[in-house]
Amino acid sequence: MTCHVPVACVLVLLLLGNPAPVRAQDTHQTRPSDSVIHVSVDRVNVGITVTGSHGNLVKGLRREDFRIFDNGVEQPITGFLSIDEPSQLVFLIESSTADYLLAKLGGSLFIGANALLRSVSPADRVAIIIYSDRPELVFDFSPDKVAAQLALQELNAQLVSSNVGSNTMNLASSIAATLDWLGSVPGKKTIVLLSTGVDT
């Protein structure tokens with residue numbers, strides 16, 4: 001694959017060309033009696049991220065800026081979709097006895113989330129969910145990072161002033177419930193999990 005551009009952004013290129021056989025084989029030597037699977041495909045999705053010399057993403061590239069080769073043969077690019085649209089990020093944060101102890105020592109998963117929040121693109125929308133026995137939405141999707149930071153600071157202050165965090169950590173079910181909730185949210189979605197990894 002050759003991209004004749006010095007820099008780039010995240011793109012999805014849809015290829016539609018001559019169907020090419022794809023052979024799936026075991027990495028070990030096959031016996032003559034083994035079956036070989038042949039599959040023909042009409043479309044191949046190719047995701048490309050091209051960055052500049054400083055690692056920055058460059059926007060505004062067009063289909064004409066790219067050439068795709070398969071075994072040295074140039075293939076037509078029949079679809080081109082830039083995915084520069086804002087993302088939806090969910091901060092899923094554990095609220096537990098362990099985090100209570102961290103908060104008392106001047107740390108906290110909420111402080112870690114606040115540090116990550118500063119690196120989020122201004123156009124991206126964020127939501128905050130805390131969980132122990134179940135997930136609880138405390139800040140719905142918004143591009144307002146200042147409001148999100150205030151929500152994180154308030155959560156951390158509540159944790160410090162409480163006597164103890166929760167001992168029940170339903171990590172897997174909280175992730176599953178968050179995924180179900182995100183099913184109705186359009187666009188790109190990412191869960192940022194801040195957790196000890198304990199699942200009771």
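Only the coordinates and a few stated rules stand behind these numbers; no lab work does. Note that the structure is predicted; figures quoted are calculated from it, not measured. No Cβ is skipped: glycine too gets one built from the backbone with ideal geometry, and neighbour counts run over all protein chains shown.
At a 10 Å Cβ-Cβ cut-off, how would you order Val50, Val198, fewest neighbours first?
Val198, Val50
Amide H to amide H, which residues 5 or more places from Asp133 or on other chains are under 5 Å from it, using H placed in the peptide plane?
Here the answer is Asn170, since their amide H atoms fall under 5 Å of that of Asp133.
For Asn71 and Lys188, what is the calculated FRET efficiency with R₀ set at 30 Å and r taken between the beta-carbons, to the nearest 0.05? Before the final figure, lay out the partial values.
Working: r = 32 Å, r/R0 = 1.07.
According to the calculation, E is roughly 0.40.
I need Asp199, Asp65 ordered by Cβ neighbour count within 10 Å, fewest first.
Ascending number of Cβ neighbours within 10 Å: Asp199, Asp65.
What Rg and what Dmax come out for segment 113-200 when only alpha-carbon atoms are used, in angstroms?
So, for segment 113-200, Rg and Dmax equal 13.5, 40 Å respectively.
Under the 0.36 nm per residue contour assumption, what length would be gained going from the current alpha-carbon distance of Trp181 and Ser35 to full extension? Intermediate values should be presented prior to the final figure.
Details: separation 146, 0.36 × 146 = 52.56 nm, distance 4.29 nm.
Taking Trp181 through Ser35 to full extension adds about 48.3 nm, to one decimal.
Please arrange Leu193, Leu179 by counting, for each residue, the other beta carbons lying within 10 Å of its beta carbon, fewest first. If you can, show how the numbers build up before the last one.
Values: Leu193 16, Leu179 12.
Fewest-to-most ranking of Leu193, Leu179: Leu179, Leu193.
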